[in-house]
Structure formats: C-alpha cells, structure tokens
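Here is the structure we will look at, set down as structure tokens.
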Amino acid sequence: MKILIADDEPLARQRLKRLVEENNPHHIIHADASNGLEALNQCIEFQPDLVLLDIRMPIMDGLQTANEISKAKLNTRIVFVTAYDKYALEAFEKNALDYLLKPVKPTRLAQAIEKAAQFNNRPQAIEHATRSLSQPRQQLCAHTHKGLTVLNIQDILFFKADNKYVSATTTSHSVLLEDSLKALEKEFTPLFFRIHRNALVNTKAIQSIHKTSSGQFELKLKGCDELLTISRRHQAELNRFLRQKNE
Amino acid sequence: MDKRSLTDPTPFLPDLCRAKNVLYLALVSQLLAILLALNTSFIAGDFWISLSLNALFILWVAFTCAGIFCLFKQQINRISTALASLSMLLTINLSTLLMTWVTSSLLPALDLLIVPPSGQISLYLRNVGISSIFSIILLRFLYIQFQWQKQTKAEAEAQLDALQALIRPHFLFNSLNTIASLTRSNPPLAESLTEDLSELFRANMQTSKRLIPFKQELDLIRQYLNIEQNRLGSRLTIHLDLSTVPDDALIPPLSLQPLIENAVYHGIEPTAEGGVLSLTGKIQKNTVYLLIKNPICNDSTPHSRPGNNMAINNVRFRMEQCFPDQSKLLISSSGLEFQTQLVFPYHNNQP
C-alpha cells in the first residue's frame, strides 16, 4: 500500500512513519509533507492509497487539504490525525470519517489501514464534515487537466461569474473555480465585496471609481486593465463601505 | 473552549416588561409618595388625602415610564450607559411634565393638584425638581448595581478562563506525541522533556502562590520553550535577553508563560517557515519592562486562530490584582511583527 504522511511536526511524522513500517514493512511511505499544500501536491504526484492528514498545519489546514484531494478526484483514502480538535471529531463521527488521535496507537493505526484497503471515502462526507469547520481559506485551488493551480487569496483581484463558471483573476492570470459566487462571498467577506450580480472585488485592490458617459459607474483595480461595472443596486453599498473603511 | 459563547452582560436598565420589576417600581413610587405626604401634610392633618393624590400621580408617571422603557428596552440597552441614563432621565421628567399638565390643565375639575396662588409655573417647577432629584438617585443606584454585577461577572469569567487556559489540550497531546516519538529515537531527550512537561503541569496546578520570583517563572518558560523547540524544530528560533531583569522581581505565577505560549501558538505554529520569538527585558526606575515579539502570520485574518484574547485577559486580570493601577499589558502590531509588553513595578519582598 502506498501511504502519505502529512504533519507540520517532524517528530510526529517520524513516529507515524515508524508505526506504519511496523504495521507492514512492504508499505511504500512518503513522510515529508509538512503543510497542507505539500500534502496536496504530493497526493497528486504519488497518488497514494491512503493519506494520514494532520488537521492543524500551516498554509492549508488538513480539512481544506482533504477537500481539495477529494475535488482532484484522486483515489486516495483520507484518515485525519489530530492531537485535540473537539469540533472536528464531532463532525467526523457524524459523517463516518476515520480519524486517529495523537499519540497514535499501533492497533488503531492498523484498523485504519485495514479499513482504507477495503473502502473508499465518500466525497460528500468529506465535503460535508470539513466545510462547516474550515476557516476562510488562504489559498484557492483550481483543478484542471493540466494539474493544480494555487492562488493566494490576497492576490486575487476579483471573482466573476460567467454563465456556469466562476473565474478568479490575479494580475497575471485567471482560473476557473468550482465554487459559486454566493459561497465565495460568504466565505471571503469583508475582504471581498460584491459590486455586481456577477462580480466580487478585493477591497484592498480598489484603485478608483469612474463614471462612464452613459452614467454607469466602473471600478478600476490596481494592476488590472479591465474595468468592472458596478451595478446601480450595489453602488450605494460600495460607497458606504469605502467611507467606513476610510474612517 | 474556543467556541465558548459569552452570555450577554446584565443590562443597565432592568427589564420593565417583567411584572416583578414593575412591582418594584410601584413600591419605590409609593415610598416617594409617603415621603412627600409626610413632609407636606402629616402635621396639617390631611395626610391620607395627600398620600393618595401623590401616590396616584407618581404611579401614573412611573407606569408611563415603565411602558416606554419596556417598549424601547432593546434600543436603550444598545446605547452607552451615559446616553441611556440621559434618555431615561429625560423620559421620566417629560412624563412628569405631561402628567402635571394633564392633571392641572386637562382635568382641572377633578382638582387632583392644588394649584398654588403663584400660578402653574411653580407647580411645574416643583414637580420637575422632585422627579429630577429622585430619578437621579434611582439611576445612580441602578448604575452602581450594574457596575457591581459586571465586575462580579468579569471576576467569575476570569477564574473560569484561568482554569481553562492553564494548558491547551492541543499542546499537551502534541507534547506527549513528541515524547512518544523520542522514546525510541532519543530516549534521554524524551526523559528530559517528560520532566519539563511535569514541571509545567506542577506549576499550573499550584495556584495557591500569589507571587513568585521572576527567576522561577523564567525557568518555567525555558522548560516550556524546550518542549516547543523539539516539537517545532527549525521553525522556532528563540531569542532571550533578560540579563538585566532582577531574578528576585516578584511576579504572579504563570503571568509571562501564557503570553509566550500565545506567541508560539499564533505567531510561529501557523506559519510554514516559522520565525523568531524574542523575549527581552529591562528594569528602569524600579519598573520592569518585558517585551515579547513574534512574527504576524501572513493570512487574510490577522488572528485566524481562536481563543486569542483569553490568555491575555487572564494575565491582565491577575496582574491588576497583584499590582493595582501599576501594571500594564500592552499589545501592538507593526507591519510584520506582533508585540506584547508587560510592565510592572519591581518588588522583591512579599507584602
């Protein structure tokens, strides 16, 4: 079995690796992911059968990582590992997700590995359990046929909904996301503000507001040539927001 | 622990939609009526007539105010205490004026108020004078009660926090995990970390001591940081410079350690590359200054990890108890750095 271990503490990875080896010396083990993003990249690269995922990790926590792994449609079974996360454990229990408590007991680990060999995760269960617990993400991941693109949330200038898809645009590129504009608005308020039925903008990137000859208002963002239309409905709210911000 | 919801503080204005509070108000109004009747009519002999007229008048005013306060209780409790007091004072006086007008001008036939020969103006002045003085006393009483309740509640909460903030369970289990890992690869280190962890727990359970020498707190911090250093490895760089802080300066136990733990938890642990945790100190004019610096973790919300203020409030409360008005706990952030400063007077003998 191919097993990936992700934890931000080197000694925790070391111990888990030793326990997995003791469980069965034939396992192929990757045990050097020290944050969620590394774990996700290594999962895509090595396609492990099982990932032992610590919950509290820098850059991307274990919950978001699990979500991205299941979005990448990998055949990887996820088992969470945690020292103490009361609310996460409740959510895992409710959604029948497997987890291990630190310090991990060899017998429990053996059970988890055995279970992983037999069953696969239900993506909805992961989605369901982790969404309610995750804090606003620091990175957004776009899974495409070319692979994984990761955007820092701070670098995103605006989200725009176009027909079915929502795109996120930075100064250098633009990617398609699976999230809905509504969900993004909920997650990233107040950093992002809605200026139109189809657009959210990064409030830190707002440069100026222009009035067009037709009386419409348009927004200019730092480092972006595209002008975004502000709808009449959101115009007043935006003005109020900017005034409050300047106070 | 993190998602513990705080109940709303007791409002300044008692809920006058509740029968019990209206009854209290009626009783207080009757006491005022008796006072006024005793003063004006007891000797003259028409005490009972005067009492019943006064009582009727004051009850009208009281119930009008109760109705208004009941209707607007949410708005009143939302504004500041000063503004609430002012609006309550105004309401009481305006209803007094209104009732005076009703009884003297609208219903003169009932002859409820004896209009003095000097005219209605003095009648209004007298009534407003009495109601102002009485309502100021009443508001003052409410304010003192409000403050007292707030303080009792804050003390109870601080004690609860003190119990809960002792050691983060997350830290405990991760430390045990570190030790479990080291028992095979480095048994001597595992042994010494077990000792450090025990010391940390012992200090946390020993709550009876009010003040300890700074050296003792520093030893504890060294042991704590030793555990964290082994957990976090190269991500944690520690910079200590406390050579000028006197070893015998007295400090409440576990007043600095939770702040250091906070710095590690919020500043080092959430970042992939880690950073420098610095603890420096100096003594100046018999005052000790301790400064903790840690990097601000670079994410969208400055303190995405919950429970940030608990340790700080707890330490602040206990410093204030030991050094009333002489200690300070200052928090500031500049750019990429978060700073926590603890300032307290230098004492070296137990009071």
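Just a few scattered comments:
- Filtered residues of the stretch B:168-191 (kept if facing chain A (nearest Cβ under 8 Å) and small (Gly, Ala, Ser)): B:Ala180, B:Ser181, B:Ser185
- Qualifying residue in the stretch A:217-237 (condition: surrounded by 13 or more Cβ atoms within 10 Å (Cβ to Cβ), under 30 Å from A:Glu38 (Cα atoms) and among the polar types (S, T, N, Q)): no
- Criterion (under 19 Å from A:Asp61 (Cα atoms) and in contact (Cβ under 8 Å) with a residue 12 or more places away in the chain) met by exactly one of A:Arg197, A:Arg131: A:Arg131
- Subset of the stretch A:134-161 (residues that are more than 14 Å from chain B (Cβ to nearest Cβ) and out of contact with any strand residue (DSSP E or B) (no Cβ under 9 Å at 6 or more places or on another chain)): A:His145, A:Lys146, A:Gly147
- Residue that is farthest from B:Pro270 (Cα to Cα) [pool: residues in the stretch A:17-35 that are polar (S, T, N, Q) and away from chain B (no Cβ under 12 Å)]: A:Asn24
- Scanning the stretch A:45-59 for residues that are within 16 Å of A:Ala116 (Cα to Cα) and surrounded by 20 or more Cβ atoms within 10 Å (Cβ to Cβ) gives A:Pro48, A:Leu50, A:Val51, A:Leu52, A:Leu53.
- Residues of the stretch A:55-83 satisfying the condition of being basic (Lys, Arg) and at the interface with chain B (Cβ under 10 Å from one of its Cβ atoms): A:Arg56
- Sole exception among (1) in contact with a helix residue (DSSP H, G or I) (Cβ under 9 Å, 6 or more places away or on another chain); (2) modelled with pLDDT under 85; (3) within 14 Å of another protein chain (Cβ to nearest Cβ) for A:Asn95, by number: (3)
- Within the stretch B:201-220, if we keep just the residues that are touching a residue at least 40 places away in the same chain (Cβ under 8 Å) and assigned to a helix (DSSP H, G or I), the residue that is nearest to B:Ser243 (Cα to Cα) turns out to be B:Phe214.
- For the stretch A:114-133, the tally of residues that are crowded, with 21+ Cβ neighbours inside 10 Å and either within 14 Å of chain B (Cβ to nearest Cβ) or hydrophobic (A, V, I, L, M, F, W, C) (or both) stands at 3.
- Subset of the stretch B:253-298 (residues that are more than 14 Å from every other protein chain (Cβ to nearest Cβ), of a type outside the set (S, T, N, Q), part of a loop (DSSP other than H, G, I, E, B) and surrounded by fewer than 21 Cβ atoms within 10 Å (Cβ to Cβ)): B:Pro253, B:Lys285
- Residue that is nearest to the other protein chains (Cβ to nearest Cβ) [pool: residues in the stretch B:232-249 that are of a type outside the set (Ser, Thr, Tyr) and out of contact with any strand residue (DSSP E or B) (no Cβ under 7 Å at 6 or more places or on another chain)]: B:Gly233
- A:Val81 assigned to a strand (DSSP E or B) and more than 21 Å from A:Ala183 (Cα to Cα): yes
- Among residues of the stretch A:50-77, those that are among the small types (Gly, Ala, Ser) and more than 23 Å from A:Pro136 (Cβ to Cβ), counted: 0
- Comparison of A:Gln14, A:Gln42 shows that the only residue that is touching a strand residue (DSSP E or B) at 6+ places or on another chain (Cβ under 9 Å), within 11 Å of chain B (Cβ to nearest Cβ), surrounded by fewer than 20 Cβ atoms within 10 Å (Cβ to Cβ) and in a helix (DSSP H, G or I) is A:Gln14.
- Test result for A:Ser167, more than 12 Å from every other protein chain (Cβ to nearest Cβ) and without any contact (Cβ under 8 Å) to a residue 24 or more places away in the chain: yes
- Scan the stretch A:58-78 for residues that are in a helix (DSSP H, G or I), closer than 16 Å to A:Asn120 by Cα and among the small types (Gly, Ala, Ser) and the total you get is 2.
The values are calculated or read from the model by the stated rules, or taken from the named source; none is laboratory data. It should be emphasised that the depicted structure is a prediction, and the values quoted were computed from it without experimental measurement. Don't worry about glycine lacking a Cβ; one is built from the backbone with ideal geometry, like all the others, and counts go over all protein chains shown.
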